[in-house]
Every structure is written in structure tokens, then in C-alpha cells.
Amino acid sequence: MKTPPAQSPRTPATGWTPAWGLQVPGAVPHPDDRVGFVLELGRSLHASGYDAQRLEEAMELASETLDLRGQFFSTPTSIMASFGPQDDQHTFLIRTEPGEANLGRLAQVDEVTREVIAGRKSPSQGLAKLSVIETAPAPYGTVTTLIAFGLSSGSAARFLGGGLNEVVAGCALGVLIGVLANFAGRDEGLGRILAPVAAFVASVIAAVIAVAGFPISVFLATLAGVIVLIPGLILTTALLELSTQHLASGTARFMGALVTLLGIAFGIAIGNELASIVIGRVVSSPVRPLPDWTLAVSLIVSPLTFMILLKAQLRDAGWIILTGLVTFAGARLGSQALGAELGTFVGAFATGFVSNWYARITNRPAQIAQVPALLLLVPGSVGLRSMTSLVDQNVVVGVETAFNMILIAVSLVSGILIANVVSPRRKLVS
């Protein structure tokens, strides 16, 4: 039988047993402070919507800087962290919910991390600051957020080729979805079924609007109303993780996005069926196109609404708008030269290039400028069209549209990855 190793004496100040082979001189923080900071850093980044690759890189960098041996594994619902030598590790499990992008929190967490790594804050001070950041109230009030929901859906209707009536209906449905999302934030049960419930409500209300004498394209107005719930960004993140060999996280996130799309498609199908039973046959009206200058307005309004919905700070508004304009211009020029799917590659490359330089110039995370711009490109609406066709048993159209969705997503991911190679990424230590 193997004789157990002698127990290390406990550190009087903390009650912690430093059994990891770490030297703890008087000027160095206690191991529990360092470990606590790294764990809380991972939790905060996960809650801010970080993908697995960047989250693990940030935790590894923080551990190395604080003289810790750490190994990390991230999934959409958990983080596992082990500290110490291979044969004497202490392992921690953090259960999490899939985080939504919170760009304001991300910027604050990034600032605290840089201060701790640079030695301007101790790990215990950084840990306390991260706790304050996590419990801070939302930067924008309920009314502002509801307006952003409405304007985001109205702008989406314009991008999807809708006319004035579809824009107005999209704004109204967007505000309604925002109200449901606000209730879902307080009710865990509603939060789990928000996507199909919101899609059901939007499809029914759109049908009622059409029957009431306000001529609209029902499907386009419904799609614009639920556009903020479509997991196009999650799908893109999943493919990015799969491309960087984070297979467990990428697969889980990909399947989660598909289930959400199916839920939205199911909600729309049930809503349409109920509307046809209760109020009779619903006829969509032809779309009356808007003048070209309205597209320019949408290109300003959409990034600003994304900034509010993603909780970014006002100081980044100019960069977010600029990145959005460059992204749209790149995608439009690419589509004219290479086709819609490959045009997405050009738009994504432009997004990655500009956002990386934003990070280098401002010393802030590239995601702050990148994520709102990517929302102009993500293939969520194409995926929803595919799922809706499958639910309607139009299998050929559904499969063809699904293939286009995957091709667009792959083009988007490729553009981002190549942009990261061409334009040097900002380092966390600076």
C-alpha cells in the first residue's frame, strides 16, 4: 500500500493548505486569493458571452501571471478548472447558464483583469471588483431597452426588404417581444420557453394586423419581430469553436442553436395555424419597397440598438457604428463580386480587421466592436426560413436553405479567423 504524503502545514492567515507545490513568500498573494480571482474571472467572462477559446486563454494567462499551474475546460453550461501538478490537482466545477453577450460588463472585467495582471491590484481586490461588476444594475432602463427592441426589429424589416408597413409592424412586434423578454428575465420558467412563446405571439399578432386592414407581408413582419431572438450569433460562435478544436463546447452550442431555431419555427407554425382557424384565411400583401436612403438610416439605427441590447458603453458608439458600416459595405461588395454566401466572407473579414485595430488603438476587447457588426451578417434568418420550410413539410426547400445557412456561417467564421491572422490581435497584458 502506498504511504500517503505528509500533510502540509496550514497557512495561519487563510486556513488554506498549499499542497500544490507553490511558493508563498510574504509579498505574494495567498493561493486562495489567486485561485478565487481566476475562477471568478472565468465566471464573469462566461456570463459576458465569451466563447470557449478566448475564455480558456484568459484564464490560462491570468494563472500564469499569478504563478499558478492551471488547466481549464469550458462548455456552454459549465467551467472546469484544475490547479496544481498533474498528480496533485485541486479541481473546481462552476455550473453556469449560457451567457448572453454583455459588452459593458466585458469591458469592465477586461480592465480589472489587466490591473491584476499588471500588479496594480491584488487578486483579492480584483475578486471584490468582479463581484461588484456582476451585481451592478443594467446600464439602460426598461423603456430604453424596449425602444431598442422595437427599432431593431423595424431596421431588420428594412434589411429583409420590407416596406413601410412591414417596418411599422416590425417595430410594434419588437416592442411586444421586448416586453415578453423583460418578464422572462424575472420568471425562470418563461425564460426557458421564451423563443417559441414569442414566435407564437408574434405570428398571431402579425396575422391580426393583416386581417384588420393594415396590408403587410405576414411572414416578413413576423421574422422581423423575432429577429432579436434568433440564435444566429450563437450558431456562428459554435462553428468558430468547432474550427478551433473546442469540440465539446462547439457541438453543444450548435445543437442548442438548432433547438432554439426549431422552437421559433414551431411557435410560428402553431401561431399561423391558430390564426387561420380563429380569424380565417390570412392573405399577405405585396411589399412596397422603400427608397434607398432608408437603408442608410437603418445602418445607423441598427448598430445603436445592438449597442443597447448588448449593454455596451456609450463611449464605444462611434466605433460600433463605424464597424457596422464597414461590415455592410464589405458584405455588399463581396456579394456583387462573389455571390451572397461568399460575400459574407468579405464582410466578416472586414469586421475582424476593423475590430482588431479598434482593440489595438483603444486597448479594449475586440468583441465590443465586432459582435454588433456580426449581427448584420449572421445567418439566423436563413436558418429560420429553413426550419419553417421543414415544419411546413417542404423538405427540399428546407434542406437547400439549411445548406445555405451553413455555408454562410462557415464563410463568416473563415473571414473572422483569417482577419485575426492578418491583423495582429491585442494582447491582454499591456
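The values are calculated or read from the model by the stated rules, or taken from the named source; none is laboratory data. Remember, it's a predicted structure, so these values are computed and weren't measured experimentally. Ideal geometry is used to build each Cβ from the backbone, glycine not excepted, and the neighbour counts take in all protein chains shown. Ligands, DNA and RNA are excluded from the accessible area calculation, which covers all protein heavy atoms including side chains. Shrake-Rupley method; radii C 1.70, N 1.55, O 1.52, S 1.80 Å.
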### Query
Which translational diffusion coefficient, to the nearest whole µm²/s, is obtained for the chain from the Stokes-Einstein equation, given a Kirkwood hydrodynamic radius over C-alpha pairs, 10 °C and 1.306 mPa s?
69 µm²/s
### Query
Roughly what angle does helix 247-279 make with the longest principal axis of the chain, taking Cα atoms, 0 to 90 degrees, to the nearest 10?
30 degrees
### Query
Against the longest principal axis of the chain, how steep is helix 103-117, in degrees 0 to 90 to the nearest 10, with axes from Cα atoms?
20 degrees
### Summary
Expressed in square angstrom to the nearest 10, the accessible area of residue 240 with a 1.4 Å probe stands at 30 Å²
### Query
What does segment 41-197 give for Rg and for Dmax, in Å, if only its C-alpha atoms count?
19.9, 66
### Accessible area (Å², per residue) of segment 197-330, counting only protein heavy atoms and a probe of 1.4 Å
44 Å²
#### Entry: Helix 164-184 axis, angle to the chain major axis (alpha carbon atoms, nearest 10°)
40 degrees
### Task
Could you calculate the FRET efficiency of residue 284 with residue 248 from 1/(1 + (r/R0)^6), where r is the beta carbon distance between them and R0 is 41 Å, rounded to 0.05?
0.45
### Query
Quick one: putting +1 on the C-beta of Lys and Arg, -1 on the C-beta of Asp and Glu, what dipole do you get for the chain around its Cα centre, in Debye to the nearest 20?
580 debye
### Task
Within the chain, what's the longest run with no trypsin sites (Lys or Arg not before Pro) in a DSSP loop and at most 13 other beta-carbon atoms within 10 Å? Give the range, please.
282-426
### Task
Roll a 1.4 angstrom probe over the protein heavy atoms and tell me the percent of accessible area of segment 194-279 that is carbon or sulfur.
76 percent
### Task
Note the full-extension length gain between residue 118 and residue 142 as 0.36 nm times their separation in residues minus their Cα-Cα distance, in nm to one decimal.
4.9 nm
### Query
Rank 46, 246, 90 by accessible area, highest first, at a 1.4 Å probe radius?
90, 246, 46
#### Entry: Accessible surface of residue 292 - all protein chains present, 1.4 Å probe, nearest 10 Å²
130 Å²
#### Entry: For residue 89, distant residues with modelled amide H under 5 Å away
none
### Task
Just read off the accessible area of residue 319 with the full protein assembly in place, 1.4 Å probe, to the nearest 10 Å².
70 Å²
### Message
Let me check something: with ligands and nucleic acids excluded, how do 166, 111 order by accessible area (1.4 Å probe), largest to smallest?
### Response
111, 166
### Task
Using a 1.4 angstrom probe, figure out how much accessible area segment 114-156 has per residue, in square angstrom, rounded to the nearest whole.
49 Å²
